[in-house]
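Written out below as structure tokens is the structure these notes cover.
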Amino acid sequence: MRYALIGQKLGHSFSKDIHTSLGLSYDHIQLEPSEVEDFLRCNDYAGLNVTIPYKEVAYSSVDILDESASSVGAVNTILYRDGKSIGYNTDVKGMRYMLSTIGVSLRDKRVLILGSGGTSRTAQALCRLDGAKDVYVCSRSGEINYSSVYSLADSIDVIINCTPVGMYPLNDGVPIDLGRFGRLVAVADCIYNPLKSRLLLDAERLGINYVNGISMLVAQAVYAEEIWRGESMDSSVIEEISSRLTLSKTNIALIGMPGSGKSTLGKLLAERLGRDYIDTDEQITSLYGDIPTIISTEGESTFRDREREVVSRVSTYSGIVISTGGGTILDSENVLNLEQNAVIVFVSRGLKKLATGGRPISQSVGVEKLWLERKDKYLSVADYVVVNDSDIDSAMRQLEEIYEDIGNQWC
């Protein structure tokens, strides 16, 4: 039997990865609005998942509505049986699972939901079912909007972002200023690409419990499979797939002094992991020309502007290994961009072993002065440190142990 996801734009959906890992024959089918109703009535699939913007169309098109769909007013899962289409909604259970991964229950909580679309209606239904004390919906044109919402700042316990603000490819968006909410216990962002939206990075900086939308995506998919299969699946399956998917989408970004071996180690690591590799300095060179020439003729500030542009673009990719220039992390915007999808590894090397050839800033300023200017930033930004003072094999073993540790944290 075959199954599929239908939607308007599916280029970056993870659904096929999830369902094929569970053994299903699963397709992605992009449809224009004029095609949806006919497709829902006549197709060769045993079941469908439905995503934005067609969940409401599916709700009005199926023959039978399960209570799970009626409570939300949207269908994200369809089962075809005995010539009838039955519509379900597994998003509510998926969102509940997402919140449970950080130990959050909505009972007696004051919840702020950002957005008023389909995902917002899922969050509102969950709040009703799980006994939230007060529920506020913020939207651009609603009674509570992005200017007036701060009047609620001292009463909100949980924020659930149901907007696409901050989602790939516009990764730098932030829907709200978390710093103005004094009693928050948790922030949930239904976005999963990037892995850490700017909203979640703000939550992390403020010490607020947070979660992205990966676990919700996987959970609702597993619950859909239970409907199609007619049997329950162990919840450990959700955790296992969420962990594996997160690891596969996580970048590894190498930072460190010029000449510390980032490029050599990055290429080797990418080869061993079967990942794509990008060197940001090489990207700058291919786009704008030789870096020493850029610095000598146009100035370091021009070089930094171009570096920022390249890092911003490269950071939106997922599942790659990135080597950065020595001064990349001096720009806080570069750090924020890298942190959205990457684990950051500082490659440390003794100053006397640092290569300076072809590195104009190292030559003009001196490696000792550069190190004093940068060391605190390297260490504060890094999630891990690799010492590259002996042979390359030793440094590679450290990197492989780091990769294993990243996997263990999520698996």
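Each reported figure results from applying straightforward, stated rules to the coordinates on display, with no laboratory input. Everything numeric here is computed off the predicted structure, so don't read it as measured data. Virtual Cβ from ideal backbone geometry, glycine too; neighbours counted across all protein chains shown.
Along the positive direction of the dipole of the chain (beta-carbon charges: Lys, Arg +1; Asp, Glu -1; about the Cα centre), which of Thr246, Val311, Ile278 reaches farthest?
Positive-most Cα among the choices belongs to Val311.
Hey, if you put +1 on the Cβ of every Lys and Arg and -1 on every Asp and Glu Cβ in the stretch 250-410, which of Met257, Val386, Leu338 ends up farthest toward the positive end of that dipole?
Value: Met257.
Looking at Thr119, Phe39, Ile102, which one has the Cα that reaches farthest to the positive end of the dipole of the stretch 1-122 (charges on Cβ: Lys, Arg +1; Asp, Glu -1)?
Result: Ile102.
Out of [x] 166, 45, 32; [y] 74, 51, 38; [z] 63, 51, 42, which label holds the value of Cα extents along the principal axes in Å that was computed here?
Among [x] 166, 45, 32; [y] 74, 51, 38; [z] 63, 51, 42, the one calculated here is [y].
Say the cut-off is 28 Å between C-alpha atoms; which of Lys267/Lys377; Lys9/Lys267; Lys267/Lys352; Lys353/Lys375 go over it?
From the list (Lys267/Lys377; Lys9/Lys267; Lys267/Lys352; Lys353/Lys375), the Cα-Cα distance tops 28 Å for Lys9/Lys267.
Suppose each label sits 7 Å from its Cα in the direction of the beta carbon; what would the Lys352-Glu333 distance come out to in nanometres?
Label at Lys352, label at Glu333, 4.1 nm between them.
How large is the helix-only mean residue ellipticity at 222 nm for the chain, computed as the sum of -39500 (n - 2.57) over DSSP H runs with n ≥ 4, divided by its residue count, in deg cm²/dmol to the nearest 500?
-13500 deg cm²/dmol
How far is helix 332-341 tilted, in degrees, relative to the longest principal axis of the Cα atoms in the chain, given as a value from 0 to 90 rounded to the nearest 10?
50
Quick one: helix 214-229 against the long Cα principal axis of the chain, what's the angle to the nearest 10°, folded into 0 to 90?
40
What list of ³J(HN,Hα) values in whole Hz, one per residue of the stretch 110-125 in order, does the Karplus curve 6.51 cos²θ - 1.76 cosθ + 1.60 (θ = phi - 60°) give from phi, with Gly and Pro shown as x?
9, 10, 10, 9, 8, x, 10, x, x, 5, 4, 5, 4, 5, 5, 5
For the stretch 281-348, taking Cα atoms only, what is the radius of gyration to one decimal and the Dmax to the nearest whole Å?
That works out to 12.0, 36 Å for Rg and Dmax.
For the stretch 28-44, just list the computed ³J(HN,Hα) in residue order, Karplus coefficients 6.51, -1.76 and 1.60, θ = phi - 60°, integers in Hz, with x standing in for Gly and Pro.
9, 10, 8, 10, 7, x, 5, 9, 5, 4, 4, 5, 4, 7, 9, 7, 9
Under 22 Å from the Cα of Lys16, which lysines turn up, not counting those fewer than eight places away in the same chain?
By straight Cα distance, Lys16 reaches Lys55, Lys93, Lys196, Lys249.
Which whole-number percentage describes the relative contact order of the chain, with Cα contacts under 8 Å and a sequence gap of 6 or more?
12
Using the Kirkwood radius built from alpha carbon pairs, what does the Stokes-Einstein equation give as D for the stretch 93-212 at 4 °C and 1.567 mPa s, in µm² per second?
This corresponds to a translational diffusion coefficient of 92 µm²/s.
Rg and Dmax of the stretch 250-410, Cα atoms, in Å?
In order Rg, Dmax, the Cα atoms of the stretch 250-410 give 14.8, 48 Å.
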